[in-house]
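The values are calculated or read from the model by the stated rules, or taken from the named source; none is laboratory data. Everything numeric here is computed off the predicted structure, so don't read it as measured data. Counting neighbours? That spans all protein chains shown, and the Cβs are built from the backbone with ideal geometry, glycine included.
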Amino acid sequence: MTSRYSIGMNRDSDISPSPKDAQAGFHRRDWFDMLARHCFAQSRVLFPMAQTNTTRATLPLVEDGNALSALANYYSFSYAPILEGDGDRATTLSLLARIAADLRASHSRISVYPLVDDGAGMPDLLRAAFARAGWIALLTDQNSNYVADVAGQDFASYWKARPGALRSAVRRKGKGAHYAHFIHREMDDALWADYCAVYAASWKNAEPWPDMVRAIAEDAARRGALRLGITRHEERPVAAQLWTIEGDTACIHKIAHDSGEDTHSPGTLLSHHMFAHMIDVEEVARIDYGTGGNPYKRDWMDRARPMLRLDCFHPRSARWWLPALRTRISQLVGRRG
């Protein structure tokens, strides 16, 4: 095995992503590049890599002094390494452990969040890799992620299982509502202006990185993954939702509606329209409501998955890990050493 440590945005590669990796919307090099450009422009971004002849692993990170954190924020539904090639789990573990060992020479702490176990066991794999490389690696629960597993369902079955209060609200608000719902697969200046107008008229705080949101939409449009829902009253936009389709999963990035229309609930009606489209037309297997366990998401989703944080401490830097160990021990997830 050979390893390579790289700083910057170097793209040279003779190893092609596997089809599964290419569909992973939040684990692609393009996704991390967007985050680096729009959200971490003032930070030092690292792309440490390790590779064999057929497999490459890259762990995008942000540097803060002697500490590192995942190149991720609340736009990221989950974090994972960029995996290219056809390596098996053992190879991936070895590559990640090599990266972790290289990082021990220059850093004392690494924090990685949000990690979600989608069945591939990536949180455990990352913890095992850092532990193998000599780090003190702690995996803890930090948040929750709501999803609806809708494979094999039609919308009528899904909707029948929703809470009665939600179904009643949609039925009442939908009667006589003078709204028209549209789903767009392309992005242009006019649609972006509509989205911004709705967001500005909503209850939400100003977007800290609006260019990132537009970049998400434009990137998704190029990939054929954008589904931008707009609800209009006559010609005026009153609700907007930014969704993308990543593989077999529909991801809800942003929702907003004009607060002046609260009485008529255009946002709820648009959600009803979007869910019906995703289930009956797009036939997705899962709908993902992203980071955060907001109570309103429970009405639309089936279950909550834990979002995990991996904290790794250099064993010779007790000033980093002893205080953290004391404050976080009660949250430790039971994991194998």
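Taking segment 42-51 as the range and being within 22 Å of the chain's Cα centre (by Cα) and under 16 Å from R29 (Cα atoms) as the test, the residues that pass are V45, L46, F47, P48, M49. Against the numbered list (1) surrounded by fewer than 20 Cβ atoms within 10 Å (Cβ to Cβ); (2) at pLDDT 95 or above; (3) over 14 Å from the mean Cα position of the chain (by Cα), T54 comes up short only at (2). Per the conditions (1) of a type outside the set (A, V, I, L, M, F, W, C); (2) crowded, with 21+ Cβ neighbours inside 10 Å; (3) farther than 25 Å from Y79 by Cβ; (4) not assigned by TED's automatic domain parsing to the domain that holds I245, the sole criterion not satisfied by D299 is (2). When restricted to residues that are at pLDDT 95 or above and either among the hydroxyl-bearing types (S, T, Y) or not in a loop (DSSP other than H, G, I, E, B) (or both), segment 1-50 contains 18. Residue count for segment 268-292 under the criterion of being modelled with pLDDT under 95 and out of contact with any His (no Cβ under 8 Å at 6 or more places or on another chain): the result is 2. Applying the condition of being part of a helix (DSSP H, G or I) and touching a residue at least 12 places away in the same chain (Cβ under 8 Å) to segment 166-183 and asking which residue is surrounded by the most Cβ atoms within 10 Å (Cβ to Cβ) yields V170.
Scanning segment 221-239 for any residue that is at pLDDT 95 or above, within 25 Å of A285 (Cα to Cα), of a type outside the set (S, T, N, Q) and in contact with a Gly (Cβ under 9 Å, 6 or more places away or on another chain) turns up at least one such residue. When segment 245-267 is filtered for residues that are of a type outside the set (K, R) and either surrounded by fewer than 19 Cβ atoms within 10 Å (Cβ to Cβ) or touching a Leu at 6+ places or on another chain (Cβ under 6 Å) (or both), the ones remaining, listed by number, are G247, D248, H253, S259, G260, D262, T263. Going through (1) modelled with pLDDT of 95 or more; (2) closer than 28 Å to A250 by Cα; (3) of a type in the set (S, T, Y) one by one, T140 falls short only on (1).
Each residue in segment 134-158 was checked for being closer than 15 Å to M274 by Cα and free of Cβ contacts under 8 Å to residues at least 60 places away in the same chain, and 1 pass. Taking segment 233-250 on its own, how many of its residues are farther than 15 Å from C196 by Cβ and not aromatic (F, W, Y)? So the count comes out to 10. Checked against (1) under 20 Å from R28 (Cα atoms); (2) not in a helix (DSSP H, G or I), P123 passes all but a single condition, namely (2). Take Y79 and decide whether it is within 23 Å of D30 (Cα to Cα), outside the structural domain of A161 (by TED's automatic domain parsing), within 13 Å of the chain's Cα centre (by Cα) and part of a strand (DSSP E or B). No: the conditions fail for Y79.
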